[in-house]
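The values are calculated or read from the model by the stated rules, or taken from the named source; none is laboratory data. This one's a predicted model, so the numbers in the text were calculated from it and none came from an experiment. Here the Cβ positions follow ideal geometry from the backbone for every residue, glycine too, while neighbour counts run over all protein chains shown. Protein only, heavy atoms only, side chains kept; ligands, DNA and RNA dropped before computing areas. Shrake-Rupley method; radii C 1.70, N 1.55, O 1.52, S 1.80 Å.
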Amino acid sequence: DGDRGFRVRAAFPSPGVWHWTSTCGDPSDTGLHGQTGAVQVAAYAGDNPLYRHGDLRVSDNRRYLVHADGTPFLWLGDTGWNVVWKTTPAEWRDYVDTRARQRFSVLQVIGTAAAPLSEAQQLPQCGRRPFQPDGVPDPVYWRDLDEKIAHANERGLFVMLTGLGKSRAEFSEQQGTPAFARYVAARLAGDMVVLSPSMDDRIDPLNEAAGARLSPLTSHLVVQHPGTHQPTAQHFHDAAHTDFAALQTGHHSGRLDRAYDAAHAWTLELWQRPPVKPVINVESMYDALGHDNGPAWRGQDVRKLGWISWLSGSRGYTYGAGAVPPKVPGGGGGVWRFQEDPAAYDHWRKALLWPSAGQMTHLRDFFAALEWWQLEPASALVRNQPDDVSRRMAASRTAAGDLLIAYLPDNGEIVLDLSGLPAGLSARWFNPVTAATASVREPSGRDARATFRRPDSWADAVLVLATDRSLPIPGTSP
């Protein structure tokens, strides 16, 4: 750790007295070799879910993520890409605290991003870049990152660090070394993080090599952020060093037909693809306007794509706020680009509170009230799919058939084949915009097909069918 000497970091799996012994490649270095000590570890007694339940791993059936004690982990992410290195400590705390209140659970940031060398002194936290000219990590930069990760963890949020292999900050030479993989694994050993060598990159040997080196050195989950490219997502799904399949269904430069089709089809394809791995949509289309008055990049798109992703096989979803020209004329990047102009419509503090962020809270609370990890994609049960892919409905059900959830993005009614479900299901509507709930009119149909009419005036709707009438659907009756 630079002028502070060497540090050892660890996360202990159980209480007790832990003994340690150091080894060094040069046994004659008595300062590093043969040192011993003991650490007294007590059980955590607070309310932080990260510390109560532990780091992340893959569930036994390999379909979703769980904490170390087996508690299912509901991934609601935010793309804060540049926020981690562009913010002062106080700004970072404001950002994290806001997302914590909105019940996000993951912050996705670029761990090694930095301004060009000519602008490095303008960096607010320390005026440093991640690496010194000789390629050695600059401990001042990494200490700032330590503190920011610690605050996020203390507020109950995991941090997904991307760009640890080959980043867009042109640090590929030093980032591709075994020494840097050891540095990352050691420095972050005691944090609650997810590690991604790639950042929005297609298949690259440097990122693959970095992932293969990092995986055996760390107890944290390792993944690759694939960019909006289905073959890359498939490739990294199959890779031995990735613990789950990170999917970027993407914004497709505002092409809604492609964005919606990818959320349906790419998600389902990875869910069905062997070997079985959890699928998480880590980036779809962003809300870049803060409202719905536009052809794309609207709040409704990021909301709808979240529900579609979940019900098509994703076991988590990541939200984004902001875009820049030419995609969105006049846009300054909102949250992820850390728009600093207070007069801008997408200043980062304003974008944090766009209505779509609150709708992500509704999505999170809805699934948190259910055994969401039991769901399996079942959109084939929908019998009245429209030709317009942006209006295509999505559905999931449990294997036992005691719970079915269907999403209507812009449809007056849904026709479902209920032949494989038990009789006596009760039904309820949930409004993903307001979190209101509504009773279901008596469905019409025959031969196990039932038609459900969406409540009047709702923009989109979630239908819940369950055997238990006391099913805890969050929200308030209108």
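Quick notes on this one:
- Close amide H pairs (under 5 Å, H built 1.01 Å from N) link residue 436 with 431, 476, residues at least 5 positions away or on another chain.
- Here the gap between residue 186 and residue 97, fully extended at 0.36 nm per residue and compared with their Cα-Cα distance, gives a gain of 29.3 nm.
- The phi torsions of segment 209-223, fed into the Karplus equation with coefficients 6.51, -1.76 and 1.60 and a -60° offset, translate into couplings of 5, 5, x, 5, 6, 6, 4, x, 8, 10, 8, 7, 5, 10, 8 Hz, rounded to whole numbers, with Gly and Pro shown as x.
- Value of relative contact order over segment 366-450, rounded to a whole percent, pairs C-alpha under 8 Å and six or more apart: 22
- Tilt relative to the chain, helix 355-368 - C-alpha long axis, 0 to 90 degrees, to 10: 80
- Around the amide H of residue 449, modelled in the peptide plane, lie the amide H atoms of 418, all under 5 Å away and 5 or more residues distant in sequence or on another chain.
- Cα-based Rg of segment 405-456 normalised by 2.2 N^0.38 Å, two decimals: 1.16
- Working note: Karplus 6.51/-1.76/1.60 with θ = phi - 60° gives segment 43-56 the couplings 5, 6, 10, x, 9, 5, x, 5, 7, 6, 10, x, 5, 8 Hz, where Gly and Pro are set to x.
- Amide H partners (placed H, <5 Å) of residue 316, local residues excluded: 281
- Taking the square roots of five times each eigenvalue of the Cα gyration tensor of segment 196-318, the equivalent ellipsoid has semi-axes of 27, 14, 12 Å, listed largest first.
- Here segment 1-80 is treated as a sphere whose radius is the Kirkwood value from Cα pairs; by Stokes-Einstein at 4 °C and 1.567 mPa s it diffuses with a coefficient of 80 µm²/s.
- Cα long-axis angle, helix 256-272 against the chain (0 to 90 degrees, to the nearest 10): 80
- Residues of the chain were split at every exposed loop site, defined as GluC sites (Glu not before Pro) in a DSSP loop with at most 12 other C-beta atoms within 10 angstrom, and the longest piece left, sites excluded, is 171-370.
- Within the same chain, lysines fewer than 8 places from residue 86 are excluded, and of the rest, those with a Cα less than 23 Å from its Cα are 148, 166, 327, 350.
- Taking the centroid of alpha carbons for each part, segment 8-35 and segment 304-374 are 43 Å apart.
- Carbon/sulfur fraction of accessible area - the chain, other protein chains in place, 1.4 Å, %: 50
- Label of the coordinate-derived value, semi-axes √(5λ) of the Cα gyration tensor in Å, listed as [x] 41, 25, 20; [y] 39, 27, 23; [z] 35, 26, 21: [x]
- Cα Rg over Rh - segment 1-148, Kirkwood: 1.02
- Between residue 442 and residue 14, the modelled label-to-label distance comes to 6.0 nm, taking each label 7 Å out from Cα in the direction of the beta carbon.
- Here the peptides 44-53, 376-385 are ranked by packing, the mean other Cβ count within 10 Å, and the order with the highest first is 376-385, 44-53.
- The helix-only estimate of mean residue ellipticity at 222 nm for the chain, built from DSSP H runs of length n ≥ 4 each weighted as -39500 (n - 2.57), is -7500 deg cm²/dmol after division by the residue total.
- Mean accessible surface per residue for the chain, computed with a 1.4 Å probe while every protein chain stays in place, in Å²: 42
- For segment 280-371, diffusion coefficient by Stokes-Einstein and Kirkwood Rh (Cα), 37 °C, 0.692 mPa s, µm²/s: 245
- Across all directions, the shadow cast by the convex hull of segment 250-300 built on its C-alpha atoms averages 3.7 square nanometres.
- Phi angles across segment 69-74 convert, under the Karplus curve 6.51 cos²θ - 1.76 cosθ + 1.60 with θ = phi - 60°, into 3J(HN,Hα) values of 8, x, 5, x, 10, 8 Hz, Gly and Pro given as x.
- Each Cα pair under 8 Å and six or more residues apart adds its sequence gap; the mean of these over the residue count of segment 186-256 is a relative contact order of 30 percent.
- Summary value for the chain: 11 percent relative contact order, contacts being C-alpha pairs under 8 angstrom separated by 6+ residues.
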